[in-house]
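Below is one structure; the comments refer to it alone.
What follows is calculated from the coordinates using simple rules that are stated; it is not laboratory data. The shown structure was predicted, so the numbers you read here are calculated from the model rather than taken from an experiment. Ideal geometry is used to build each Cβ from the backbone, glycine not excepted, and the neighbour counts take in all protein chains shown.
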Amino acid sequence: MAINLGLNLRLKAIKIEGDSRSVIRKLQAKEEDRSEIEVYIKDSKQLNLGFGYCVFRFTHKESNKVAHILATEGIKKRETTYQMNMVPSVAEEAVDADRRWTRSMKERRGKSVQRETEYGLE
């Protein structure tokens, strides 16, 4: 869904983060996937060709709480909507915590990825 959203918004670059290490590895792999989710992996890889730059990154669950909250709220309300330029009140605290955690991890790593910076995907 995130890839489709990026394509619909005509983004040139996109960074997709997920907390399933096995799925992210499959998306990053050059070889063809032969798992139960191969159709989703193939579809995602095909769709990412629509961007000038697309990267799939593993992220720890601690930094993925906002996505979880938004998905849970969407399921509760039985809706599939994308929040653009606003954060629902239910997720505000998680967004702040996510930013602090992400900042601390970047400081701990002591580096930034040059290509992501060029595309504004820090």
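Quick notes on this one:
- Taking amide H as placed 1.01 Å from N in the peptide plane, Cys54 has its amide H under 5 Å from the amide H of Ile14, each at least 5 places away in sequence or on another chain.
- Residues of the stretch 1-29 falling in the label zone of Trp101, defined by backbone nitrogen less than 15 Å from a point 7 Å along Cα to beta-carbon, are 17-21.
- Note on Glu73 and Arg25: their simple-model spin labels are 3.4 nm apart, each label 7 Å out from Cα toward Cβ.
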